[in-house]
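Provided herewith is a single structure, encoded as structure tokens, for subsequent inquiry.
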Amino acid sequence: MTAGSLIEGALRRDRLLVVISLLLVVALSWAYLLAGAGMMQEMGDMLMPMSTQLWTLGYALIVLIMWAVMMAAMMLPSAAPMILLFATIARRRSERGEPATASGAFAFGYLAVWAAFSLAATALQFGLEKAALLSPMMESTSIVLAGAVLIAAGIYQWTPLKQACLRYCRSPLDFIMTHWRPGARGALLMGLRHGAVCVGCCWMLMLLLFVGGVMNFAWISGIALFVLVEKLSPAGHWIGRGAGVLLVAWGGATLLAAS
């Protein structure tokens, strides 16, 4: 067996391991969300949302975990091409004698940034609930707030920051070649950077969860699917901008209905 075939075999095994790991994390995350994400309680024979009036440290931790798991479930599928390409390039570089670079460190850095976003989302949810602006299903009870968020999300789809971040998310090879850092620390830093770019791309879309309901599984799935299409479809740029127009129109109609 030649050295080339050995390397190709190792690359295939690495890719398979990364794919299985990603699928497992995503499947477990979605299963956790389907089970209620710790936010549901038994009321007789039915599962109902937990009370949103008493914010204890334990409840805040449950909300934070819910957001972190939800971000992993929604964002890892669209980040999979980047992680797989990173694992392939890291293996090829290590075969040339460069320091070994773990794709797990890259993925950890990526998820760490979304965990930080989850902390901010938890704080925002706390503020909205204290202002009595969220229902037990964690959707806006204010038509004005819902309309404003829809319009803001639509406008953001057209901003230079959104487009710059989306370009990096849609071009894994360009990102890796531009920001490559060797070793485990380098992989972690690259994961953190890519996570920051991804948050820059999608943070306003995540705030739409407060419009349709943080515990609305269909709404969660719809946003996750849109993120996947926007990042991976050849026409993703135009799909994103088209969605921006629709969001602004939807938000405007919502505000008109409230007047």
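Consider Gly127 carefully, then state whether it is of a type outside the set (S, T, N, Q), modelled with pLDDT under 90 and either surrounded by fewer than 14 Cβ atoms within 10 Å (Cβ to Cβ) or farther than 15 Å from Ile176 by Cα (or both).
When the stated conditions are applied, Gly127 does not pass them.
So, one more: Does the range 213-246 hold any residues that are of a type outside the set (A, V, I, L, M, F, W, C), modelled with pLDDT under 90 and closer than 26 Å to Ala123 by Cα, and which are they?
Gly213, Asn216
Select from the range 176-205 the residues that are of a type in the set (Lys, Arg), part of a helix (DSSP H, G or I) and more than 17 Å from Met75 (Cβ to Cβ) and list them in ascending order.
Arg185
Working only within the range 170-189, note down all residues that are crowded, with 21+ Cβ neighbours inside 10 Å and either modelled with pLDDT of 95 or more or closer than 20 Å to Ala68 by Cα (or both).
Answer for the range 170-189, where residues must be crowded, with 21+ Cβ neighbours inside 10 Å and either modelled with pLDDT of 95 or more or closer than 20 Å to Ala68 by Cα (or both): just Leu188.
When the range 119-142 is examined, which residues are found to be free of Cβ contacts under 8 Å to residues at least 24 places away in the same chain and either touching a helix residue (DSSP H, G or I) at 6+ places or on another chain (Cβ under 6 Å) or not in a helix (DSSP H, G or I) (or both)?
Ala131, Ala132, Leu133, Thr141, Ser142 - these are the residues of the range 119-142 that are free of Cβ contacts under 8 Å to residues at least 24 places away in the same chain and either touching a helix residue (DSSP H, G or I) at 6+ places or on another chain (Cβ under 6 Å) or not in a helix (DSSP H, G or I) (or both).
Consider only pairs whose beta carbons are under 7 Å apart and that are at least six residues apart or on different chains; among these, list those whose first residue lies in the range 25-48 and is within 23 Å of Ala60 (Cβ to Cβ) and whose second residue is surrounded by fewer than 14 Cβ atoms within 10 Å (Cβ to Cβ) and modelled with pLDDT of 65 or more.
Qualifying pairs under 7 Å: Leu33/Phe217; Leu34/Phe217.
Next question. Which one of Ala37, Ala68, Ala10 is at pLDDT 80 or above and small (Gly, Ala, Ser)?
None of the others qualify; the one that does is Ala68.
Conditions (1) of a type in the set (Val, Ile, Thr); (2) in contact (Cβ under 8 Å) with a residue 40 or more places away in the chain, marked per residue:
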{"position": "Ile151", "(1), (2)": "yes, yes"}
{"position": "Ile155", "(1), (2)": "yes, yes"}
{"position": "Lys162", "(1), (2)": "no, yes"}
{"position": "Ala187", "(1), (2)": "no, yes"}
{"position": "Ser233", "(1), (2)": "no, no"}
{"position": "Arg241", "(1), (2)": "no, yes"}
{"position": "Leu247", "(1), (2)": "no, yes"}
{"position": "Gly251", "(1), (2)": "no, yes"}
{"position": "Ala258", "(1), (2)": "no, yes"}
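Residues that are β-branched (Val, Ile, Thr), touching a helix residue (DSSP H, G or I) at 6+ places or on another chain (Cβ under 7 Å), within 20 Å of Ala164 (Cβ to Cβ) and crowded, with 17+ Cβ neighbours inside 10 Å: does the range 231-243 have at least one?
no
The values are calculated or read from the model by the stated rules, or taken from the named source; none is laboratory data. Since we're looking at a predicted model, the values are computed, not measured. Ideal geometry is used to build each Cβ from the backbone, glycine not excepted, and the neighbour counts take in all protein chains shown.
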